[in-house]
Amino acid sequence: MKTIYNHILQAISKGEKLLAVLIDPDKMAIDSVANFIVKVNASRATHIFVGGSEVAEQLTESLVIEIKKHTKLPILLFPGDVKQITNQADALLFLALISGRNPDYLIGKHVEAVSKLKDSNLEILSTGYILIENGKQTAVQRVTETAPLQNNNIQLIADTAKAGELLGMKLIYLEAGSGALQPVSINIIKKVKSDIRIPLIVGGGIRTLKQLEQAYQAGADLVVIGTAFEDDESFFEELQD
């Protein structure tokens, strides 16, 4: 039974705010997982995302298997490429990079993934992925060879999100990028949230509790944090249940 998306909808209907910890297989050693997940479990985190822009073959599956030994939190794949898909996770963010115009990341990679997904038990969540300019080039921008949307063009960002919803996406993901100099702005989050009727995910550049709360207050239903924990695991102490 597919339940992760329904749980997200139920949480939103109750006014609950969700938090995902993003773990990059290229940056997390297997022997570090147990101690890291102890901190995740003690925090307010509700989901674990696993993925990165450039990940070596087999790393994702090995990491997911190890993570599952230490937590009951749902594990969602956040793949930068088809080779990061593994049936060991609980769900897959089936990302369409709708902010870009590279056909590989709008449909090409998805077609390539079908053979892996035909007999998969993964809950597949179609996600409109929108990369927003943050002051530096991101790995996503480099790998996909697409330009981010300018952060001052709020109407275009909102229209892109709405187009994703009208195309049948289940989620919209506003992304400033890993290591972003600044997170997605409050005004962007507010505008997109007011225009769409599907859950809104926001990630990239969030490094403080204040920035996290601001994203929630602006309308983010689920916030993703990765680099902040990679740089300083003590940040978990600010996010205790």
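The values are calculated or read from the model by the stated rules, or taken from the named source; none is laboratory data. Small disclaimer: the values here were computed from a predicted structure and weren't measured. Here Cβ is always computed from backbone atoms with ideal geometry, including for glycine, and neighbour counts include all displayed protein chains. Ligands, DNA and RNA are excluded from the accessible area calculation, which covers all protein heavy atoms including side chains. Shrake-Rupley method; radii C 1.70, N 1.55, O 1.52, S 1.80 Å.
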(message) I want the antiparallel fraction of DSSP beta bridges within the chain, as a percent rounded to 5.
(response) 5
(request) Using Cα centres only, tell me the gap between segment 141-181 and segment 15-81 in whole Å. (result) 23
(message) Amide H of ALA147 versus every other amide H placed in the peptide plane: which residues, excluding those fewer than 5 positions away on the same chain, fall under 5 Å?
(response) ARG101
(request) Please go through segment 50-100 and write out the trypsin sites (Lys or Arg not before Pro) that DSSP classes as loop and that have at most 11 other C-beta atoms within 10 Å. (result) LYS69, LYS72
(message) Given a 1.4 angstrom probe, I'd like the percentage of the accessible area of the chain that is carbon and sulfur, rounded to a whole number.
(response) 50
(request) Using only the Cα atoms of segment 131-241, construct the convex hull and provide its projected area averaged over every direction, in square nanometres to one decimal. (result) 7.1
(request) Inverting the mean 1/r over all pairs of different Cα atoms, compute the Kirkwood radius of segment 122-172 and quote it in Å. (result) 12.0
(request) Could you give the spread of the C-alpha atoms of the chain along their three principal axes, from largest to smallest, in whole angstroms? (result) 44, 42, 36
(request) Apply the Karplus parameterisation 6.51 cos²θ - 1.76 cosθ + 1.60, with θ equal to phi minus 60°, to every residue of segment 15-24 and state each ³J(HN,Hα) to the nearest whole Hz, in sequence, with x for glycine and proline. (result) x, 7, 10, 9, 9, 10, 9, 8, 10, 8
(request) Pop out the ³J(HN,Hα) list for segment 141-148 in order, Karplus 6.51 cos²θ - 1.76 cosθ + 1.60 with θ = phi - 60°, rounded to Hz; leave Gly and Pro as x. (result) 4, 5, 5, 8, 6, 10, 8, x
(message) Explain nothing, just compute: Karplus ³J(HN,Hα) = 6.51 cos²θ - 1.76 cosθ + 1.60, θ = phi - 60°, for every residue of segment 204-219 in order, whole Hz, x for Gly and Pro.
(response) x, x, 8, 10, 9, 4, 4, 5, 5, 5, 5, 5, 4, 4, 6, x
(message) If I model a spin label at VAL82 and ASN102 as a point 7 Å from the Cα along the Cα→Cβ vector, what separation in nanometres do I get?
(response) 1.5
(message) Report the gain in length on full extension from LEU181 to GLU238: 0.36 nm times residue separation, minus Cα-Cα distance, nm rounded to one decimal.
(response) 18.4 nm
(request) Taking the Cα centre of the chain as origin, sum charge times position over the Cβ atoms of Lys and Arg (+1) and Asp and Glu (-1), and report the length of that vector in debye to the nearest 20. (result) 720
(request) At 0.36 nm per residue, minus the direct Cα-Cα distance, what do GLU145 and ASP119 gain on full extension? Give it in nm, one decimal, please. (result) 6.3 nm
